[in-house]
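Peer 1: There's a structure below that I have some questions on.
The values are calculated or read from the model by the stated rules, or taken from the named source; none is laboratory data. From a predicted model like this one, the values you see are computed outputs, not experimental measurements. Backbone-built Cβ (ideal geometry, glycine too); neighbour counts: all protein chains shown.
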Amino acid sequence: MADQPMSQVTSYRSRITQRDRLPVILLMGPTAAGKSAIAVRLAPRFRLEIVSVDSAQVYRHMDIGTAKPGGQTLAAAPHHLIDILDPCDRYSAAQFCKDARRVVAEIHGRGNIPLLAGGTMLYFKALKEGLSQLPAADSATRLAIDAMAEISGWPALHAELERLDPTTAARLQPTDAQRIQRALEVYYLSGQPLSALVAHGREGAAAYRTIAIALEPSQRTVLHERIERRFELMLELGLIAEVRKLRERFDLNASLPSMRAVGYRQVWQHLEGKFDLAALREKGTAATRQLAKRQLTWLRSWVHAHRFDCLAETVTEQVESYLAARL
């Protein structure tokens, strides 16, 4: 090897290092793509343990609207990062990364392979690339921002963010309360724009051999039909009663991340008398379609992901064959 050109030696060492890293499978896709069903089917074949990458499934008692796996499924295939918080709690990408890395290490320690499956693309991105060094959430600052929003409205706070951090404001909608709040919070705590801190550098990128799989529909209209049927089924299973019970049991408000989740936000507004059941069906389905559109936009940025048509009848077998050649 000493006689080989340095570039060839470096390339060889890079391949060896990558090959020897412990594998982590990323199974990504839009809502209603069938991620959970595929994950459960693959788990016994490859000694997989499933890690949920879902910002709503972390909440206890939010089962119907999150399409959370049932008891039989959980007994058949181990799942992690499900039912770890109450709906009144907050959860972040940074906390997810901390929890996921711990769980991944534990799964590797048992000689199994972690399969991270879900549709919260920000969590996938944060885990793979790492997060910038941002100040932790501060409840007093958030309360102050919420109070400002009560008086002036979120579009006014978006205008304030545009003055303080125009780069971040440009990519946010004036009604995106959660992200506007976080961007203002970062500025008030650090004195620096969120965009500047993000650009400064990231830390903690995962040192695993990631196998990224993207489930995408060959026909968007068919996915939309799935979404419509899925939301209708959630209503039939008692989604409205589930949200009503959550409101009775916990000290919730419409600005909490749990109640801003797609489906839950629309049911909350329905229970507040803002629209009837027919409008709930329409608005819930439309919001879920918009979520799927955003998820697919995120997926297009994952240039190294291997893509499968989630509508294909043999998609599970295709993914299984792909993994068998790489594990």
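Peer 1: Going by the conditions given, is Ala43 free of Cβ contacts under 8 Å to residues at least 24 places away in the same chain and over 22 Å from Phe231 (Cβ atoms)? Before the answer, list the steps.
Peer 2: Numbers: free of Cβ contacts under 8 Å to residues at least 24 places away in the same chain: no; over 22 Å from Phe231 (Cβ atoms): yes.
Spelling it out, it is not the case that Ala43 is free of Cβ contacts under 8 Å to residues at least 24 places away in the same chain and over 22 Å from Phe231 (Cβ atoms).
Peer 1: If you go through the stretch 293-310 one residue at a time, how many are among the hydrophobic types (A, V, I, L, M, F, W, C) and more than 12 Å from Pro30 (Cα to Cα)?
Peer 2: Adding up the residues that qualify gives 4.
Peer 1: Could you figure out which of (1) out of contact with any strand residue (DSSP E or B) (no Cβ under 8 Å at 6 or more places or on another chain); (2) modelled with pLDDT under 95 isn't true of Leu271?
Peer 2: Answer for Leu271: the failing condition is (2).
Peer 1: Same structure, new question: Determine, yes or no, whether Leu26 is in contact (Cβ under 8 Å) with a residue 60 or more places away in the chain and in contact with a Phe, Trp or Tyr (Cβ under 7 Å, 6 or more places away or on another chain). Even if it seems obvious, please write down each step before you answer.
Peer 2: Values: in contact (Cβ under 8 Å) with a residue 60 or more places away in the chain: yes; in contact with a Phe, Trp or Tyr (Cβ under 7 Å, 6 or more places away or on another chain): yes.
So Leu26 passes the test.
Peer 1: In the stretch 280-292, how many are free of Cβ contacts under 8 Å to residues at least 40 places away in the same chain and not polar (S, T, N, Q)?
Peer 2: Selection size over the stretch 280-292: 4.
Peer 1: Can you name the condition, by its number, that Leu81 falls short on among (1) in contact with a Ser or Thr (Cβ under 7 Å, 6 or more places away or on another chain); (2) free of Cβ contacts under 8 Å to residues at least 40 places away in the same chain; (3) farther than 16 Å from Leu26 by Cβ?
Peer 2: (3)
Peer 1: Can you pull out the residues in the stretch 51-70 that are of a type in the set (Val, Ile, Thr) and either out of contact with any Phe, Trp or Tyr (no Cβ under 9 Å at 6 or more places or on another chain) or within 15 Å of Arg265 (Cα to Cα) (or both)?
Peer 2: Across the stretch 51-70, the qualifying residues are Val51, Ile64, Thr66.
Peer 1: So, in the stretch 181-218, of the ones that are in a strand (DSSP E or B) and of a type in the set (Val, Ile, Thr), which residue ends up modelled with the lowest pLDDT?
Peer 2: Taking the candidates together, the pick is Thr210.
Peer 1: Based on this model, can you work out whether Val303 counts as free of Cβ contacts under 8 Å to residues at least 40 places away in the same chain, out of contact with any Pro (no Cβ under 8 Å at 6 or more places or on another chain) and β-branched (Val, Ile, Thr)?
Peer 2: Yes.
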